[in-house]
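Only one structure is covered here, and it is reproduced in the block below.
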Amino acid sequence: MPHSAPRPVPLGGPRFQTDPTELYRQMRREHGAVAPVVLDGDVPAWLVLGYRELHQVTSDPVLFSRDSDLWNQWDRIPADWPLLPMIGRKQPSILYTVGERHRERADVVSGALEAIDPFVLRGRAERFADELIDALCGKGSCDIIAEYAMLLPVRVLASVYGFADEQGPGLVKAMNDMINGQEGALEGQRHLGESMFGLLTAKAEAPGDDVASRMLANTAGFTVEEVAQDLMVMMAAGHQPTADWIGNSLRLMLTDDRFAASLSGGRHSVGEAMNEVLWEDTPTQNVAGRWASRDTHLGGRRIGGGDLLLLGLAAANSDPHVRADSGALTGGNNAYLSFGHGEHRCPFPAQEVA
């Protein structure tokens, strides 16, 4: 039976920073598997909290489309809305392309990533990690997030995509500003876009053994702007979640007694810690989004045509319907939704790179 009209929850504020897990539990108790929320500027949306409901949304790209033009709130969105970089309109990127065109673009992206030599990638990652750790060793104390986790992914990504190493700091700031959805979001998006166009211009003249050159060589009829947009998506999706994944894994290994000692008295591996984080403290908490192509029902809620649905990855991973014992270690269970699901999930080659 459908729930009565609920009071929307502001999707922001200190509780999302300090104790999101408990907040998602409270939202699930009060609203069920699909909760009404409001974004910056009191813009309404739905947050999908249930594992089964999120699986349903991401498995049906026709009913729950990635086409942001369907949104019924565009007349309320100002040009300087800070969430525009994350919920863009008419952005020619893989994020908002649907159908066969999306599958073609996904093939180009996957092909460019699959060609990365895993041994070369590992060597670069280890070299950059060693350099960052060496810089920290003599200081006595450090901010492990700002001085390590936030720097390592972008240095590796910049290298394999074709950027010069010295461009890393500017890229990191631009991506952080864009993803945070604050005042600098649009400027961060602009800087990242200009960097991508500059990279593609350079690689068109002098191709190399890198992701950007491979995408240019296999555009399948895509424009340079479309390739640049896809590179922006790949860079943003590869940097911030990986940085948060590193940080969350370090916190787990340093602070969680449940994890620190196994039943045999030994310590779990780094790989086990990172797998546990994908269940318990997923790097990307919420993702925008899907748009209902027509009126429908989901999780007992009536969803209007054009409504925005946000994917609550963290909440879905902790859904008691699939995690009856949330305190138990997950071991080798890889059924988490941290990489998404369906045709718009994180490409498998990108998961391997991460």
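Readers should treat all values here as calculations from the given coordinates under stated rules, not as data from a laboratory. Quantities reported herein were computed from a predicted structural model and do not represent experimental measurements. Note: ideal-geometry Cβ built from the backbone for every residue, glycine included; neighbour counts use all protein chains shown.
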- Under a Cβ-Cβ cut-off of 11 Å, what is the net charge of the residues other than Gly184 that fall near it, where Lys and Arg count +1 and Asp and Glu count -1? -1
- Kindly point out which whole DSSP H helices in the chain project their C-alpha atoms 24 angstrom or further along the helix axis while averaging a Kyte-Doolittle hydropathy of -1.0 or above. 118-137, 185-205, 224-255
- Task: Please report, in Å, the Rg and the Dmax of the stretch 45-99, where both are computed over Cα atoms only.
- Result: 12.6, 35
- Query: Pulled fully out, how much extra length does the chain show between Cys142 and Asn72, if you take 0.36 nm times their separation in residues and subtract their Cα-Cα distance?
  - Reply: 20.6 nm
- Taking 0.36 nm per intervening residue step and subtracting the Cα-Cα distance, what contour gain separates Leu63 from His297 on full extension? 83.2 nm
- Task: Mind telling me which of Pro14, Pro118, Pro283 comes out most flexible in a GNM of the chain, alpha-carbon contacts under 10 Å?
- Result: Pro14
